[in-house]
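Remarks on the structure that follows.
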Amino acid sequence: MVATDLLVQSLLNGLLLGGIYAVAALGLSLVFGIMDIVNLAHGHMLMVGAYVAIVLFTALGLTPIVGMVVAFAVLFVLGMALQRFVLEPVVGEGMEQPIIVLFGLALMLQSIGRIVVGSTAQATDINIPGDAISIGAATLSFPRVVTFVLSIVLILGTWAFLKYTTTGLAIRATAQNSSAAQYMGVDTDNIYVLTLGIGTGLAGAAGALLSMLFPITPYVGWSYLLKAFAVVVLGGVGSIAGTLVGGLILGVSENVGVLYLGGGFRDIISFGIFVLVLLVRPHGLFGSSGGGE
């Protein structure tokens, strides 16, 4: 039997972790929902973002919060360049070409990471006074609370950008009907470049946040890609609210599952949720056959 206090603590820490999973999945969901491209390199973009924060922390002593901002910027530029110079020539040539290109990019980033930083796990430290926060009998890790708050800021910022800005309106119009958006004067090629930039930027920011909680190696990309897929499937493609709820569900499921089954089952739980939701409700909790809002 697991003590009730330990279970409550595991639930709360799972919710906090789920916020980062939601940020990681949001970028994947945006790219797929708007561009109809499955970014198989998304998890490796997250890994790159984590190492940006780690390098800034170890070499310059900068807090990983600053690293998160820099990681978003670096991956944003990388994503835009990827769309403009690598994916744009193969888009429209069939579904397979972008997938093959992105799979190759994932392997390349993993190999470069292994050569440049090695295989030893590394992490960052938030370096802010405060070790833990107590809620009743539960004790919450202070870094997890901070990363959760930052995750919510990123999610709300993305939602506000898409809802209240002219560019966000153009992105949503392109997602609904790219041909009609073009007739209305929207440069869909530039929208796709911006969308991939935002998607990879969010992956980079999520990686920086995860570096505060877990050790990072060049091989974590596949694991976090799976988690992002599970969250997108749970919440429904294109739904920001669904992505947040899906991330929270996955974070809680993993934490509670690890409590009862052991740490070796963390990724198995992610994959199990992914398969189960595909079988029971393939359009997700907030999605529909016509796409999410």
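Which is farthest toward the positive dipole end of region 136-275 among LEU194, LEU169, VAL153, measuring Cα position about the Cα centre, with Cβ charges +1 (Lys, Arg) and -1 (Asp, Glu)? With unit charges placed on the Cβ atoms, the residue in question is VAL153. Angle of helix 64-82 to the longest C-alpha principal axis of the chain, folded into 0 to 90 degrees and rounded to 10: 30°. Solvent exposure of region 159-293, expressed per residue, is 44 Å² of accessible area, with all protein chains present and a 1.4 angstrom probe.
Counting 0.36 nm for each residue step from SER179 to ASP5 and taking away their Cα separation leaves a gain of 57.1 nm. Counting protein heavy atoms only, the chain has 69 percent of its accessible area on carbon and sulfur, 1.4 angstrom probe. Among 145-156, 13-24, 246-257, sorting by the average number of other beta carbon atoms lying within 10 angstrom of each residue, highest first, gives 13-24, 246-257, 145-156. Rg/Rh for region 113-173 (Cα atoms only, Rh after Kirkwood) is 1.21.
Sorted largest first, the spans of the alpha carbon positions of the chain along the three principal axes are 60, 45, 34 Å. Its Cα gyration tensor gives region 42-193 an equivalent ellipsoid, and the semi-axes of that ellipsoid, as √(5λ) in whole Å with the largest first, are 34, 23, 13.
Once both axes come from the Cα atoms, what is the angle between helix 166-176 and the longest principal axis of the chain, in degrees from 0 to 90, rounded to 10? Helix 166-176 sits at roughly 80 degrees to that axis.
The values are calculated or read from the model by the stated rules, or taken from the named source; none is laboratory data. Because the structure is predicted, anything quoted here is derived from the model rather than measured. Ideal geometry is used to build each Cβ from the backbone, glycine not excepted, and the neighbour counts take in all protein chains shown. Note: accessible area is taken over every heavy atom of the protein model, side chains too, but ligands, DNA and RNA are not part of it. Shrake-Rupley method; radii C 1.70, N 1.55, O 1.52, S 1.80 Å.
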